[in-house]
Amino acid sequence: MLCRTGGAFILIITTLMNIRSTLMADPMQSKRRAAEVAAYACLDSAYFAELMDCFLSDDYRLAQRAAYSVSMAGRERPDLMEPHIGALVDQLERKDIHDAVIRNSVRILQEVEIPEELHGRLMDVCFEFIQNRQVAIAIRAFSLTILYNFSRIYPEIKKELRIIIEEALEYEKPAFVARGKKILKKI
């Protein structure tokens, strides 16, 4: 069976895959293996739920290895991501998880519709991320996009977002500056 993931087609063996075992068996966590797991998870909501269980696991290494597969699967099948959006926001508020989990969570959240009851929590977390220079740059850049998306719903945050970006531009890394400048043009 062929399945599209990340712009490429890969062959999926139609036998059952144990996602946890597959992720843990590959110490190098190759892109190909991550794509295979993502493609398999896209086949059925139960498989996707199994992948999300790995991603949301307290097992630091398992969650890290599942992160890239979740990101790929979430882009390919955002409909399967919908029931898990609250769990992604919960992950962002934790301090004991791998940056890969946070990075892939915010990457997904910038591209999906967020339920209204999570807006406030997610905005708070994203504002914390963009103002903390100790947070990885990719997390901060994705958080900028999430906040920009919210600014279209809540125009009152545009002023705060603009001030934070403008004040940070001369001190930030290129990824933040590029994303920040794009957002400033839009707001």
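The values are calculated or read from the model by the stated rules, or taken from the named source; none is laboratory data. This one's a predicted model, so the numbers in the text were calculated from it and none came from an experiment. Note: ideal-geometry Cβ built from the backbone for every residue, glycine included; neighbour counts use all protein chains shown. Note: accessible area is taken over every heavy atom of the protein model, side chains too, but ligands, DNA and RNA are not part of it. Shrake-Rupley method; radii C 1.70, N 1.55, O 1.52, S 1.80 Å.
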- Item | Positions within the range 136-156 being surrounded by 22 or more Cβ atoms within 10 Å (Cβ to Cβ) and basic (Lys, Arg), in sequence order | 140
- Message: Of everything in the range 41-92, what is of a type in the set (Ser, Thr, Tyr), open to solvent by less than 30 Å² (accessible area, probe 1.4 Å) and either modelled with pLDDT of 95 or more or closer than 22 Å to residue 143 by Cα (or both)? Give them in sequence order.
- Response: 69, 71
- Task: Would you check if residue 103 is closer than 26 Å to residue 174 by Cα and buried (at least 17 other Cβ atoms within 10 Å of the Cβ)?
- Result: yes
- Message: Looking only at helices (runs of 4 or more DSSP H) that lie completely in the range 99-186, which have at least 3 residues being more than 22 Å from residue 87 (Cβ to Cβ) and in contact (Cβ under 8 Å) with a residue 12 or more places away in the chain?
- Response: 137-151, 158-168, 174-186
